[in-house]
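Below is one structure, written out as structure tokens; comments come after it.
The values are calculated or read from the model by the stated rules, or taken from the named source; none is laboratory data. These numbers were taken from a predicted model, which means no experiment stands behind them. Don't worry about glycine lacking a Cβ; one is built from the backbone with ideal geometry, like all the others, and counts go over all protein chains shown. What goes into the accessible areas is simple: the full protein's heavy atoms, side chains included, and nothing from ligands, DNA or RNA. Shrake-Rupley method; radii C 1.70, N 1.55, O 1.52, S 1.80 Å.
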Amino acid sequence: MKKVINFLKKIVSDGNEVSSKRVVGVLGALVLFGTMIANSFSPLEIAPSAELVAAVEWVTILCLGFTSVEKFSKKD
């Protein structure tokens with residue numbers, strides 16, 4: 001269990017600090033995965049709107065993308 005917690009800390013941290021963009025990106029990805037799984041078992045009438053899913057998708061992509069760009073463009 002301790003290995004899993006350390007792994008999750010490494011994913012969301014940037015050095016010693018927790019990166020809010022990474023946290024939002026990882027949570028957004030988990031929400032999208034959960035939504036896709038839930039929608040595969042539910043009728044189409046109760047599915048979330050396509051605009052809502054697209055908004056969460058773009059927020060996730062941009063958060064993780066900006067984190068990646070910052071990592072390679074840091075100037076010390």
| said: Just to be sure I understand the filter: pairs with C-beta atoms under 9 Å, separated by 6 or more residues or on different chains, first member in region 1-21 and hydrophobic (A, V, I, L, M, F, W, C), second member surrounded by 10 or more Cβ atoms within 10 Å (Cβ to Cβ) and not in a helix (DSSP H, G or I). Which pairs pass? | reply: 12/18; 12/19
| task | Go through (1) touching a Leu at 6+ places or on another chain (Cβ under 8 Å); (2) open to solvent by 70 Å² or more (accessible area, probe 1.4 Å) one by one and return the number of the condition residue 46 breaks. | result | (1)
| note | Subset of region 49-65, residues open to solvent by 60 Å² or more (accessible area, probe 1.4 Å) and among the aliphatic types (A, V, I, L, M), comes to 50, 52, 59, 61, 62, 64
| query | When you look at residue 68, is it among the small types (Gly, Ala, Ser), part of a helix (DSSP H, G or I) and open to solvent by 70 Å² or more (accessible area, probe 1.4 Å), yes or no? | reply | no
| note | Within region 1-43, the residues that are surrounded by 10 or more Cβ atoms within 10 Å (Cβ to Cβ), closer than 20 Å to residue 71 by Cα and over 11 Å from the mean Cα position of the chain (by Cα) are 8, 9, 13, 14, 18, 19
